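Everything on this sheet refers to the single structure shown next.
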Amino acid sequence: MNPKDYFEPVIGLEIHAQLNTKTKLFSSAANRFGDEPNTNITEVCTAQPGALPILNKEAVTKAILFGLAIGAKINPYSTFDRKSYFYPDSPRNFQITQFYNPIIGPGQITTDVDGEKMLFTIEHAHLEDDAGMLKHFSNFAGVDFNRAGVPLIEIVSDPCIRSARQASSYAKAIKAIFQYLNASDCNMEQGHFRMDANISVRPKGETKLRNRIEIKNLNSFAFLEMAIDAEIERQSELYLAHPKKNPDDVIEQGTYRFDPAKKQTIMMRKKESADDYRYFPEPDLVPIKISEDTIEKLRKSLPEMPADRFERYLSDFSLTKDSASFLTLDKALSDYFEKALTVSQNAKAICNMITIEFSGKLKETGQTLITLGIPAEHIGKLVNMIDQKIITGRIAKSVVEDMIQNPQKNPEKIVEENPDYQPLEDTSQIEPLVDKILSENPKSIEDYKAGKKKAFAFLVGQVMKMTRGKASPEIVNKLIHKKLDANQ
Ligand code: MN
């Protein structure tokens, strides 16, 4: 039996996104990545006795904006709580989080999952502070408190996700929302956006939730998908191997990590329950009260959201769902696309140029159009040259390569300066080439006359090949037609 036919996974995600505020959640220390260790700290970050937290308004504003973007209820009254645990990078021995009254109530995310529009529900989102970082050296470890106290928003989904693909689509949609709001930089290599996945598996049709395990700290969408798939398989196989056992004894709650090399989930500890954290109200902070006025003002300031932009790309530009999704999930790339559109109105061609021609060639380099610094206007110019038949599509491919080598160089200039890129439009120059190809391929001529259309395309292709794509395909077509049809 294929376990996939029998079992259904139930997945919920907890996503931690660092808010890109100027300062930390409870102190005036800079919220900045990459500085010398322990330079962005105040007494609050290192929990010196008597140091008191003061809430950062910018973090609250960004949390509210996120809540509004997902159509959530913004709680007019929310509070902070202490979550107790010991870890060397957390000098207070507790995290300040929101347990009893989170700032964001239930909301929802709509996004495209492989061409299908799906809705995911969010249980709540809350503010909390990040821990410091342990750094391991050859013979000692150090703690860098620069990250301690950086504002996080934790977004807790309902267990409404049913596949690894859905999970990554949901997470990508959330990441995009933060980018559109400019509320988080979402740089995954720098840990701005970290995902925990809760996974359980049950026989299809069963309504009760079985024990779940949590995979911590996934920092790429590819790993998220791989980890979820590996865990679904592990649980399914264990249930199949122990059909008589109580399911609670087959899969025990626990916290896991994902080992990408082994493609396996690995247990770190048996699950602690909420009680273990001894949550209690934070006495050093006053409740957050948010007025209806503030909420309305922020609602009016909301920019276009990725889901709206996606719909707009379908209706205004007739892009495919895949292309629209690829562009709109990346705010910077989508803005880039729109900038190119100010030069050429051929949206589909610009989209293909960005998502296929350049992406394909840049894939292995780790670069993008944006990191390379190719101006968006140049993409528009390149498309214009093709549309105006100044160059053929085939030559455009070479121009793309030159643009990658010379990111600042105007494609018009590239074409102008290279004689190989000048199109061949002189009929008297093309005609002898056509004659040559025809004389070399009598079989194709026969086939064409016998009604095989492919033979005609083959002959055109041979001439194009001989001119390295420079000949005007229209003229080649016309000439071959003239010669073959005249002979009939
Ligand atoms: Mn958390």
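The values are calculated or read from the model by the stated rules, or taken from the named source; none is laboratory data. All values derive from a computational prediction rather than experimental measurement. Every residue, glycine among them, receives a Cβ derived from its backbone with ideal geometry; neighbour counts consider all protein chains shown. Ligands, DNA and RNA are stripped out before the accessible areas are found, and what is left, the full protein with its side chains, is counted by its heavy atoms. Shrake-Rupley method; radii C 1.70, N 1.55, O 1.52, S 1.80 Å.
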Inset, instruction - Name the single residue, out of those in segment 95-127 being polar (S, T, N, Q), open to solvent by 30 Å² or more (accessible area, probe 1.4 Å) and more than 16 Å from the ligand (Cβ to nearest atom), that is farthest from Ala148 (Cα to Cα). - result: Thr110
Inset, instruction - Could you check Ser273 against (1) exposed (fewer than 13 other Cβ atoms within 10 Å of the Cβ); (2) touching a residue at least 60 places away in the same chain (Cβ under 8 Å) and say which number it fails? - result: (2)
Inset, instruction - For segment 41-69, enumerate the residues that are within 29 Å of the chain's Cα centre (by Cα) and either without any contact (Cβ under 8 Å) to a residue 24 or more places away in the chain or more than 24 Å from Gln190 (Cβ to Cβ) (or both). - result: Lys57, Ile64, Gly67, Leu68
Legend entry - Enumerated helices (runs of 4 or more DSSP H) restricted to segment 272-386, each holding at least 1 residues that are basic (Lys, Arg): 292-301, 306-317, 321-328, 331-340, 347-352, 359-362
Legend entry - Qualifying strands (runs of 3 or more DSSP E) (wholly inside segment 110-185; at least 2 residues being under 20 Å from Leu65 (Cα atoms) and among the acidic types (Asp, Glu)): 116-129
Inset, instruction - List every residue pair whose Cβ atoms lie under 6 Å apart, where the two residues are 6 or more positions apart in sequence or sit on different chains, the first residue falls within segment 13-40 and is closer than 17 Å to Ala131 by Cβ, and the second residue, located anywhere, is hydroxyl-bearing (Ser, Thr, Tyr) and open to solvent by 10 Å² or more (accessible area, probe 1.4 Å). - result: Ser27/Thr42; Ala29/Thr42; Asn31/Thr23
Inset, instruction - Out of the residues in segment 165-206 that are touching an Asp or Glu at 6+ places or on another chain (Cβ under 8 Å) and more than 27 Å from Pro247 (Cα to Cα), state the one that is most open to solvent (accessible area, probe 1.4 Å). - result: Gln179
Inset, instruction - Any chance you could count how many residues in segment 16-36 are crowded, with 23+ Cβ neighbours inside 10 Å and more than 15 Å from Ala183 (Cβ to Cβ)? - result: 3
Legend entry - When residues of segment 53-84 are limited to those that are over 12 Å from Ile153 (Cα atoms), crowded, with 20+ Cβ neighbours inside 10 Å and of a type in the set (Val, Ile, Thr), the one nearest to the ligand (Cβ to nearest atom): Ile70
Legend entry - Failed criterion for Arg92 (all others in (1) away from the ligand (no atom under 16 Å from the Cβ); (2) charged (D, E, K, R); (3) assigned to a loop (DSSP other than H, G, I, E, B) hold): (1)
Inset, instruction - Consider Glu431 carefully, then state whether it is in a helix (DSSP H, G or I) and open to solvent by 80 Å² or more (accessible area, probe 1.4 Å). - result: no
